[in-house]
């Protein structure tokens, strides 16, 4: 078990199965030592985490949805690394999309759910560049979608 998986277990977390693409794209593309992970939508064991921040969901609920996106991102990175998360060097960048009302301004607090998880699991290697933006809607009505770039060995 890699130190990443050990840390996940210590936090009481496990990775979901890497979600399959829902349309005509691939879940990740590895180019050189970078893995570009396609947008992962908010979902858990119960299904899709839907809603609009500023209307249906609180910031804390949005952050939990973003945390679930981060787990799916790590599952995709694990696939890209042939099951060996020890190959992860660092998180490079996240781009978070938050399904929110026009007057909602706490997108960064929502996407912190994903950022905080990556730092908790990867330590300093989890620190990354980031954007957190609002969207009028997201696929299937989900609350959050996040794409990522990782450096691997």
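Just give me the residues in region 118-134 being under 13 Å from the mean Cα position of the chain (by Cα) and either without any contact (Cβ under 8 Å) to a residue 24 or more places away in the chain or over 14 Å from residue 93 (Cα atoms) (or both), in sequence order. Passing the criteria: 119, 121.
Would you check which residues across region 109-132 are more than 17 Å from residue 39 (Cα to Cα) and touching a strand residue (DSSP E or B) at 6+ places or on another chain (Cβ under 9 Å) and list them?
Going through region 109-132, the residues more than 17 Å from residue 39 (Cα to Cα) turn out to be 109, 116, 119-127.
109, 119, 122, 124, 125, 126, 127 - these are the residues of region 109-132 that are more than 17 Å from residue 39 (Cα to Cα) and touching a strand residue (DSSP E or B) at 6+ places or on another chain (Cβ under 9 Å).
Considering region 127-146, the residues that are touching a helix residue (DSSP H, G or I) at 6+ places or on another chain (Cβ under 8 Å) and assigned to a strand (DSSP E or B) include one that is surrounded by the fewest Cβ atoms within 10 Å (Cβ to Cβ), namely 133.
Restricted to region 35-46, and to residues there that are in contact with a strand residue (DSSP E or B) (Cβ under 6 Å, 6 or more places away or on another chain) and over 10 Å from residue 146 (Cα atoms), the residue that is surrounded by the fewest Cβ atoms within 10 Å (Cβ to Cβ) is 36. Scanning region 47-58 for residues that are more than 13 Å from residue 140 (Cβ to Cβ) and surrounded by fewer than 18 Cβ atoms within 10 Å (Cβ to Cβ) turns up 55, 56, 58.
All of the numbers you see were taken from the coordinates with simple rules; none came from a lab. Note that this is a predicted model, so its numbers are computed, not measured. Every residue, glycine among them, receives a Cβ derived from its backbone with ideal geometry; neighbour counts consider all protein chains shown.
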